[in-house]
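Just so it is clear, none of the values below were taken in a lab; they were calculated from the coordinates. Model, not experiment: these values are computed from the prediction. Neighbour counts run over all protein chains shown; Cβ positions are idealised from the backbone, glycine included.
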Amino acid sequence: AQALGWRVTIVDCRASEETKERFTMVEEVILTRRDILHQQICIDDDTVAVVMTHNYFDDLAILKLLMSAKISYLGCLGSKGRRKRLLKDLRTQGLEYTPEQLQKLHAPVGMDLGADTPEAIALSIIAEIQAVLKNRKGGFLKNK
């Protein structure tokens, strides 16, 4: 992502200093709690976000914040079933989303590149984000 000139920020709701040690190549690491996350991040039209915590309730709170935000891309790691459950739980909280808001949610996140390592999964996610930002579907150039 940084090779594309993107400013990369990691936000970790577990608030562990180990996160800073693991992500030394990013511009910023924010250690926070989900209840104050909205006070610590800047979201604008150029923002892209990928939600990949290991806590369902953190994902739910973060999606609640980001689904209503004007961002360029929103991805969430996990299966289609997990996406369905997250959206159902958000509706249970009284939240309804427009078709445009639902369209910007990419879950499962990434392109089908046969990714089976963290690095390859990251590549598939970055490829999908790039395609969305450039209003492309992705695919083989030889087929154009």
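Applying 0.36 nm per residue to the separation of ALA1 and LYS137 and subtracting their alpha-carbon distance, the gain on full extension is 47.1 nm.
For a distance above 25 Å, tell me the whole-number percent of Cα pairs in region 2-138 that qualify. More than 25 Å apart: 24 percent of the Cα pairs in region 2-138. One Cα centroid belongs to region 54-82, the other to region 87-144; the line between them spans 12 Å.
Pairs over the 25 Å Cα-Cα cut-off, from the set LYS70/LYS137; LYS88/LYS137; LYS20/LYS80; LYS20/LYS104; LYS88/LYS134; LYS64/LYS104: LYS88/LYS137; LYS20/LYS80; LYS20/LYS104; LYS88/LYS134.
Helical content alone sets the calculated 222 nm signal of the chain at -11500 deg cm²/dmol, taking -39,500 (n - 2.57) per DSSP H segment of four or more residues and averaging over every residue. Qualifying trypsin sites (Lys or Arg not before Pro) in region 5-99, where qualification requires a DSSP coil assignment and no more than 14 other C-beta atoms within 10 Å, comprise ARG7, ARG14, ARG33, LYS70. Short-range pairs are left out: with C-alpha atoms under 8 Å and at least six residues apart, the relative contact order of the chain is 17 percent. In a reduced charge model with +1 at each Lys and Arg Cβ and -1 at each Asp and Glu Cβ, the chain shows a dipole moment near 700 debye about its Cα centre.
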